[in-house]
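The values are calculated or read from the model by the stated rules, or taken from the named source; none is laboratory data. Because the structure is predicted, anything quoted here is derived from the model rather than measured. Quick reminder, even Gly has a Cβ in these numbers, built from the backbone with ideal geometry, and neighbours come from all protein chains shown. Just the protein is used for accessible areas: all its heavy atoms, side chains included, with ligands, DNA and RNA removed. Shrake-Rupley method; radii C 1.70, N 1.55, O 1.52, S 1.80 Å.
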Amino acid sequence: MTEKSKQGAGFERSLSNTHIQLIALGGTIGTGLFLGVGNSIKLSGPSVIITYAIVGVFMFLLMRALGELILSDLTKHTYVDFINKYLGKSTGFVTGYLYWFSWLTVAMAELTAVGIYFKYWFPSVKPWIPGLIALLVLLAINVMSARFFGNLEFSFAIIKIVTVVAFVLLIVGLMLAGTHTKFGEISFAKLFDEGGMFAHGTEGFLKGFQMVIFAFIGVEMLGFTASEAKNPEKTLPKAINEMPVRISLFYVLAIVAILITVPWTHVSTNESPFVQALESTGIHGTGSIINFVVLSAAVSSLNSMIYSCGRLLFSMTYNKSGKWNETFGKLSGQKVPKNALVFSAILIAFTPLITFVVGDAAFNFITSTSTSLFLIIWIIMLVTHIKYRQSLKEPKAFRLPGYPITSYLMITFFALIIVLLLVLDAFRIPMITALIVVGVLLIIAKVFKKA
């Protein structure tokens, strides 16, 4: 390999094994868990635990497929490069900009969450103000260097990991001690009270899938780190294979801890259920501590989204002609895609406009749109993986277990969720919006191809 191939279009390989592991964890724990889980619980009841476990299995399989793709050619910067190769440049163009737009919507959801968390301490402050301040600070950090980004994510991830583990252990300890909260005794009996596990029936259980899937968006961000990782052949497989443990600990056990503390019928959707659960114990200061942590989680996720958006736009425009491509397809002196980062951040900064139009439902609208877009993208990625495997005479060491059955099983699952979102009234408009975006990009791709 040439030195340029090793560097991946000039990116500096400054992310260590520790960085990669912590970025993987950071992508697993975010606003979808800390804030969005309240909405999932309201819709599904205690059965949301099962939903997280089901989606977790499919996300692990998805990451095995995407990991196999990335490790097959480390000179490629993003998944879009593989789509270009195996499905054609028109499909790659549409998917690339669709993917970039999807990450922008996730960043908007995280920025909205920052404002919601700040209201806990400063209820009179306009929620968009702290969100925009966080955006500006994080943009400055991302422009400096990838290692600076990695160090920041390292710190955020440690805070989140320690907090979730401590939260679960504290609730278990209080339960064993027979502690009572303002909602009564901490007990597994709460999982079966108020209508049981499937309190809202099959429809309620199905409604919970949207927010649960949104909670997992970000796990595939590992693929973006390949171009800047020091030893991706070892670190990426390790990070991916540890996903089931992370899913079990940071999702399933954490949600169980919430539901044995707070009856599912009382779980709030206006603040983090983690904050609500700890406040109910009466332990002084725990509410503020956990709110700081969930705030740091939102900032961490926003940081990751800025990083991802910049790399995606750079990848889409790198080594291509035209003013647009030449502007965003180049690296700064610090070996980061500065122009792509700044432009993405400017678009994310328009989030308050959505809040003004949609109102308090902005967070749910944005997350529903993000989920809809990613479902389409994941299906395209899985088709790309199938084409890649069909082109191989002999599969590599790190590969998707159960291929091709698991590939088609994942595609079927994600397609059924798309149908579900079209059927359910609450998610129909965001899903239709996502399909319209795909249609517009297809038209643009045809026009550019003809030109």
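The table below lists the values:
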quantity	calculated
Local electrostatic count, W264, Cβ distance below 13 Å [Lys/Arg +1, Asp/Glu -1]	0
Using θ = phi - 60° and Karplus 6.51 cos²θ - 1.76 cosθ + 1.60, couplings along the stretch 320-335 (whole Hz; Gly, Pro as x)	10, 8, x, 4, 4, 5, 5, 6, 9, x, 9, 9, 7, x, 8, 6
Over the stretch 22-163, relative contact order from alpha-carbon pairs under 8 Å, at least 6 apart, %	30 percent
Inter-part distance where the stretch 312-338 and the stretch 61-89 are each reduced to a Cα centre, Å	20 Å
Principal axis box of the stretch 79-204, alpha-carbon based, largest edge first, Å	59, 39, 31
Centre separation in Å (Cα based) which lies between the stretch 405-432 and the stretch 107-175	30 Å
Note, ³J(HN,Hα) from phi for the stretch 399-413, Karplus 6.51, -1.76, 1.60, rounded to Hz, x at Gly and Pro	8, 5, x, x, 4, x, 4, 5, 4, 5, 5, 5, 4, 4, 4
Under 5 Å, built H, 5+ apart or other chain: amide partners of T181	I186
Filter on K119/K160; K335/K393; K207/K396 - keep pairs with C-alpha separation over 28 Å	K335/K393; K207/K396
Kirkwood-Stokes translational diffusion coefficient of the stretch 377-451, alpha-carbon pairs, 25 °C, 0.890 mPa s, µm²/s	166 µm²/s
The chain - percent of accessible surface contributed by carbon and sulfur, probe 1.4 Å	67 percent
Percent of Cα pairs exceeding the 11 Å cut-off, where the set is the stretch 89-138	70 percent
Relative contact order %, the stretch 276-360, counting alpha carbon pairs below 8 Å whose residues are six or more apart	20 percent
For the stretch 263-405: Kirkwood Rh in Å [reciprocal of mean 1/r, alpha carbons]	19.6 Å
Over the chain, relative contact order from alpha-carbon pairs under 8 Å, at least 6 apart, %	32 percent
Cα pair distances exceeding 20 angstrom across the stretch 139-213, given as percent	63 percent
Solvent-accessible area per residue for the chain (1.4 angstrom probe, square angstrom)	39 Å²
Greater than 31 Å apart at Cα, pairs in K323/K446; K190/K238; K234/K446; K238/K323; K320/K387	K190/K238; K234/K446; K238/K323
